[in-house]
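*Asks:* Just passing along the structure, written as structure tokens.
The values are calculated or read from the model by the stated rules, or taken from the named source; none is laboratory data. Remember, predicted model here, so these are calculated numbers, not experimental data. No Cβ is skipped: glycine too gets one built from the backbone with ideal geometry, and neighbour counts run over all protein chains shown.
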Amino acid sequence: MMNPYSRTEFLLGKTAMEKLKNARVAVFGLGGVGGYAVEALARSGVGHLVLVDHDTVSLTNLNRQILATRATVGMKKAIAAKERVQSIDPAIEVEAMDTFFLPETANLFDFGSYDYVIDAIDTVTGKLSLVEQAKAAGTPIICAMGAGNKLDATAFQVADIYETTVCPLARIMRKECRKRGIKSLKVVYSQEEPICCTLPPDDPAWAELPEGRNALPGSCAFVPSVMGLIIAGEVIKDLVK
């Protein structure tokens, strides 16, 4: 009998689809990268999703984030993501967590209960804590490196963190992972040199900078989305091995 995932089952087989249905994946960060990863996981039949983000959908998200529509502006991203997933398949179990992940909030999460973790958050401190928590629990994790200030959607690579080049965020993560004795980490990164984005001093966009930030990256519809889909594809392939 045909079902919403029949066309995926043609490729992966019934046993693989059962694995996906029973899998529990946690996605940290629901922006331009994480939102598309969630979309692909839901449309691939992953049966349990934990969606984590403390941010709110804003007008400036409309250019690149799949959760952002005129109807969701002002909504918490975790709630918008849950509603979107359940509009695709109401049978998917979704836990929406309106939480900013930091070392201080790590105790709110049971990493041993996840079959896979996706890191799509922005802060290095949060990323490192996610990696440490997942590694300690023996849970696979894949991390998004920098997707901002880029225009070449063909420049992404899947690699171990110690094999990365060019990406400034990956350089920091390599250094910090080495300090912490983390021997391997699967990441998606871009080999494109970041584009220098500048604004005139009187541009009103400066007023939108979050506290503690002195710059906002430029971004577009077709780069972070590709990274998110690549990440989801890696997770799905690993889950069905």
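*Asks:* Of all residues being of a type in the set (A, V, I, L, M) and assigned to a strand (DSSP E or B) in the stretch 102-119, which is nearest to VAL226 (Cα to Cα)? Just the residue, please.
*Replies:* The qualifying residue nearest to VAL226 (Cα to Cα) is ILE118.
*Asks:* Follow-up. Return yes or no: is THR99 outside any strand (DSSP E or B), hydroxyl-bearing (Ser, Thr, Tyr), modelled with pLDDT of 95 or more and touching a Phe, Trp or Tyr at 6+ places or on another chain (Cβ under 9 Å)? Talk me through it step by step, then tell me what you get.
*Replies:* Working: outside any strand (DSSP E or B): yes; hydroxyl-bearing (Ser, Thr, Tyr): yes; modelled with pLDDT of 95 or more: yes; touching a Phe, Trp or Tyr at 6+ places or on another chain (Cβ under 9 Å): yes.
Judged against the criteria, THR99 is a match.
*Asks:* So, in the stretch 16-44, how many residues would count as being surrounded by fewer than 20 Cβ atoms within 10 Å (Cβ to Cβ), more than 12 Å from ASP89 (Cβ to Cβ) and either basic (Lys, Arg) or in contact with a Ser or Thr (Cβ under 6 Å, 6 or more places away or on another chain) (or both)?
*Replies:* The number of residues fulfilling the criteria is 2.
*Asks:* Is it the case, given these coordinates, that THR72 is over 20 Å from ALA40 (Cβ atoms), in contact (Cβ under 8 Å) with a residue 12 or more places away in the chain and β-branched (Val, Ile, Thr)?
*Replies:* No.
*Asks:* Can you list the helices (runs of 4 or more DSSP H) lying wholly within the stretch 1-67 that have 2 or more residues being within 19 Å of VAL117 (Cα to Cα), in contact with a strand residue (DSSP E or B) (Cβ under 8 Å, 6 or more places away or on another chain) and touching a residue at least 60 places away in the same chain (Cβ under 8 Å)?
*Replies:* Correct list: 34-43.
*Asks:* Looking only at the stretch 130-143, how many residues end up being out of contact with any Phe, Trp or Tyr (no Cβ under 8 Å at 6 or more places or on another chain) and either of a type outside the set (Lys, Arg) or free of Cβ contacts under 8 Å to residues at least 24 places away in the same chain (or both)?
*Replies:* Final tally of qualifying residues: 4.
*Asks:* Being within 16 Å of TYR189 (Cα to Cα) and in contact with a Gly (Cβ under 8 Å, 6 or more places away or on another chain) narrows it down to one of ASP160, ASP152, ASP122, so name that one. Talk me through it step by step, then tell me what you get.
*Replies:* Values: ASP160 fails: in contact with a Gly (Cβ under 8 Å, 6 or more places away or on another chain); ASP152 fails: in contact with a Gly (Cβ under 8 Å, 6 or more places away or on another chain).
The match here is ASP122.
*Asks:* How many residues are surrounded by 12 or more Cβ atoms within 10 Å (Cβ to Cβ) and over 15 Å from the mean Cα position of the chain (by Cα) if we restrict to the stretch 100-109?
*Replies:* 5
*Asks:* Hand me the list of strands (runs of 3 or more DSSP E) wholly inside the stretch 126-241 holding 1 or more residues that are modelled with pLDDT of 95 or more and over 16 Å from the mean Cα position of the chain (by Cα).
*Replies:* So the answer is 156-160.
*Asks:* If you don't mind, there's one more thing I want to ask. Could you please let me know if VAL57 is within 29 Å of ALA137 (Cα to Cα), aliphatic (A, V, I, L, M) and surrounded by 21 or more Cβ atoms within 10 Å (Cβ to Cβ)? Outline the logic, then answer.
*Replies:* Details: within 29 Å of ALA137 (Cα to Cα): no; aliphatic (A, V, I, L, M): yes; surrounded by 21 or more Cβ atoms within 10 Å (Cβ to Cβ): yes.
Taking the combined requirement at face value, the residue does not satisfy it.
*Asks:* For the stretch 72-96, what are the residues that are assigned to a loop (DSSP other than H, G, I, E, B), of a type outside the set (A, V, I, L, M) and surrounded by 14 or more Cβ atoms within 10 Å (Cβ to Cβ)?
*Replies:* Of everything in the stretch 72-96, those that are assigned to a loop (DSSP other than H, G, I, E, B), of a type outside the set (A, V, I, L, M) and surrounded by 14 or more Cβ atoms within 10 Å (Cβ to Cβ) turn out to be THR72, ASP89.
*Asks:* So if I check each of GLY13, GLY47, which one is surrounded by fewer than 23 Cβ atoms within 10 Å (Cβ to Cβ) and at positive phi? Steps first, please.
*Replies:* On the way: GLY47 fails: at positive phi.
Criteria check complete, one pass: GLY13.
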